[in-house]
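The values are calculated or read from the model by the stated rules, or taken from the named source; none is laboratory data. Predicted model only: the values in this text are computed from it and were never measured. Virtual Cβ from ideal backbone geometry, glycine too; neighbours counted across all protein chains shown.
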Amino acid sequence: MVVYEKLCKVCNSPHRAEIEERLAQGWSSRRISTWLQDTYGEIISHSSIALHKRKHWNVEEEVRRRAAKSEQLFETEVNKGLSRLEALRREREENQKLAEQLRGIFFELLQTGNWKRIHPETLKGLQALYNTATTQVRYTAAEEFKQLDQDTEDPFVKLLEMIRHAKGDESTCSEAETS
C-alpha cells in the first residue's frame, strides 16, 4: 500500500513516480537526491527520501498485506468448494438411502404378494420416486467428481477399456460400448 503523507516532500513532489522507480531500481537516497537536483532543480534531502522509503513506500509491508489477502481469498474459495462437496455428498447419501428404502418396500411387496392390494397409480408413483432418487444419486456423484476435477466417465467403460489395452484386444471394449 503506497501511503501519502501531506508533509512528506517526496509524496508531494511532481516527480514522486520517478523517485520511487529509482528506489525500486536500488538507487541510494543520496544518488536520487543528487539526480533530482541535477535533472529538475528540485531539492529533497537524502534523509527525506530515506524517510519516505521507510514510512510511505514500504514494499515488504505491501507484499505481506497482499499475500495475507491472497491467502484469505484462497481459504474462502477452498471453504466454498468443501461446503459444496459436503452438500453434494449429503444429498447423494440421502437419495441413496431413499432408493434403498424404496427397493426394500418393492421387494417386500413382491415377496408377500401385497402388491396386488395397492392401487396401480400408487405403484407407479413409488416407481417414479425410486427412479428420481437413483437419478439424483448418479447426478450428485457426477457433480462430486466434477468438483474434485475427476473424470465422470462411466467406470465400467473405463474398466473395459483398461482390460482391452492390457490384452491388446480392440474388440473387447467395442462390443460393450455399442450396447
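Every residue in region 46-56 that is in contact (Cβ under 8 Å) with a residue 24 or more places away in the chain and out of contact with any Cys (no Cβ under 9 Å at 6 or more places or on another chain), please.
49, 53
Condition test on residue 99, is it hydrophobic (A, V, I, L, M, F, W, C), under 30 Å from residue 146 (Cα atoms) and crowded, with 16+ Cβ neighbours inside 10 Å?
In short, yes.
Here residue 147 fits the description: surrounded by 13 or more Cβ atoms within 10 Å (Cβ to Cβ), at pLDDT below 90 and polar (S, T, N, Q).
Within the group 124, 80, which residue is of a type in the set (Lys, Arg), surrounded by fewer than 11 Cβ atoms within 10 Å (Cβ to Cβ), modelled with pLDDT under 90 and over 26 Å from residue 17 (Cα atoms)?
Numbers: 124 fails: modelled with pLDDT under 90.
That would be 80, the only listed residue that is of a type in the set (Lys, Arg), surrounded by fewer than 11 Cβ atoms within 10 Å (Cβ to Cβ), modelled with pLDDT under 90 and over 26 Å from residue 17 (Cα atoms).
Of all residues in region 125-146, those that are more than 13 Å from residue 99 (Cα to Cα) have Cβ atoms under 7 Å from Cβ atoms of residues that are part of a helix (DSSP H, G or I) and among the acidic types (Asp, Glu), 6 or more apart or on another chain, in 140/91. Residue selection: residue 65 fails the criterion of being in contact (Cβ under 8 Å) with a residue 40 or more places away in the chain, assigned to a helix (DSSP H, G or I) and either surrounded by 15 or more Cβ atoms within 10 Å (Cβ to Cβ) or in the same structural domain as residue 141 (by TED's automatic domain parsing) (or both). Inspection of region 45-55 identifies no residue that is farther than 26 Å from residue 11 by Cα and hydroxyl-bearing (Ser, Thr, Tyr). Consider region 41-62 and keep the residues that are in a helix (DSSP H, G or I) and among the charged types (D, E, K, R). The one that is modelled with the highest pLDDT is 53.
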